[in-house]
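So the structure is just underneath, and the comments pick up after that.
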Amino acid sequence: MIRAVLWDLDNTLLDFDVAEWEALCTDFREFGLGEFTEDMLKDYMVINRRRWQALERGEMEKQEVLEGRFREFFGFLGKDTSIAAAFNDRYQELLGETICFRDDSYELLKSYQRKVLQCMASNGTKKAQTGKLKNSGFDKIFDLCFISEEIGAEKPSIDFFTPCFEEIDKWLMEREKDLPYSGGKYLGNIKKDEMIIIGDSLTSDIRGGNNAGIKCCWYNPKNLPLNQDLRIDYEIKSLQEVKDILQIF
Ligand SMILES: [Mg+2]
């Protein structure tokens, strides 16, 4: 039985690609950098992805991803690289302002509210993720929110998950008796196979779930190939399929 669900946010519950595009276009305008084009986006995404993957492997610090990607990108475009930090600050704010739900994710999570413990488990920044939670209404739905910047470690590191598990246990001890499946009592310390992570990223969510020893559900709407040696307990194309996995509903 699943007693705790760890939801990834970006490109799982919310469409990050839409928010990213909107935020970059606005940021470019505000900083007087001219029009942001789709060709620029392609170049930016190569730089951005390379740096996030280095972070996930523990080879790069977060600031070197966040600011460093814009420094590198502006250098590539022949623009002023000294604005990278300020540009990133504003970008984090803008990211929280464009909300686009995936697969009716809001209604879905709302329907699970007070039926099972739902947590957010995200590698984003505190500024961006707080904005997204507030503007999406998810802040009123999640029972616990785990943001890597606050924890001080990133998915897929076990150092991200261990503090989450402690919080989850604490929450259950106090509140599980109110959940319909519990029969009015706390069911004891949560076991690894009673938790599931649901996310789109093999390198952060699924590898993280593998490292932590919890169940892994890969949200793979684009039908990407599984190109890594990973344990995947469930693979779904739509978030609506989650209800078949969480059989308590
Ligand atoms: Mg994601």
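Got at least one residue in segment 177-197 being within 16 Å of the ligand (Cβ to nearest atom) and at pLDDT 95 or above?
Yes, that holds for at least one residue.
Here the strands (runs of 3 or more DSSP E) wholly within segment 183-241 that include at least 3 residues being of a type in the set (A, V, I, L, M, F, W, C) are 195-199, 215-219.
A single entry from D89, D104 fulfils the requirement of being closer than 14 Å to G124 by Cα, open to solvent by 60 Å² or more (accessible area, probe 1.4 Å) and not hydrophobic (A, V, I, L, M, F, W, C): D89. The single residue among E176, E154, E150, E166 that is under 18 Å from N11 (Cβ atoms) and of a type in the set (D, E) turns out to be E154.
Scanning segment 208-249 for residues that are farther than 20 Å from R3 by Cβ and buried (at least 21 other Cβ atoms within 10 Å of the Cβ) yields a total of 2. Of all the listed residues (M45, M1), the sole one being open to solvent by 30 Å² or more (accessible area, probe 1.4 Å) and free of Cβ contacts under 8 Å to residues at least 12 places away in the same chain is M45. Taking segment 126-145 as the range and being open to solvent by less than 10 Å² (accessible area, probe 1.4 Å) and under 21 Å from L66 (Cα atoms) as the test, the residues that pass are A128, Q129, K132.
Check segment 185-207 and report whether any residue there is in contact with a Cys (Cβ under 9 Å, 6 or more places away or on another chain), free of Cβ contacts under 8 Å to residues at least 60 places away in the same chain and surrounded by 14 or more Cβ atoms within 10 Å (Cβ to Cβ). Taking every residue of segment 185-207 in turn, at least one turns out to be in contact with a Cys (Cβ under 9 Å, 6 or more places away or on another chain), free of Cβ contacts under 8 Å to residues at least 60 places away in the same chain and surrounded by 14 or more Cβ atoms within 10 Å (Cβ to Cβ). Within segment 114-122, one or more residues are in contact (Cβ under 8 Å) with a residue 12 or more places away in the chain and open to solvent by 50 Å² or more (accessible area, probe 1.4 Å).
Within segment 37-47, is there a residue that is within 16 Å of the ligand (Cβ to nearest atom) and in a helix (DSSP H, G or I)? Within segment 37-47 (the criterion being within 16 Å of the ligand (Cβ to nearest atom) and in a helix (DSSP H, G or I)), the answer is yes, since at least one residue qualifies. When V18 is tested against the conditions (1) open to solvent by 30 Å² or more (accessible area, probe 1.4 Å); (2) more than 16 Å from the ligand (Cβ to nearest atom); (3) part of a helix (DSSP H, G or I); (4) of a type outside the set (F, W, Y), the lone failure is (2).
For segment 159-172, the count of residues that are in contact with a Phe, Trp or Tyr (Cβ under 9 Å, 6 or more places away or on another chain) and basic (K, R) is zero.
The values are calculated or read from the model by the stated rules, or taken from the named source; none is laboratory data. The structure presented is a predicted model; accordingly, all values stated were derived computationally and were not measured. Every residue, glycine among them, receives a Cβ derived from its backbone with ideal geometry; neighbour counts consider all protein chains shown. Ligands, DNA and RNA are excluded from the accessible area calculation, which covers all protein heavy atoms including side chains. Shrake-Rupley method; radii C 1.70, N 1.55, O 1.52, S 1.80 Å.
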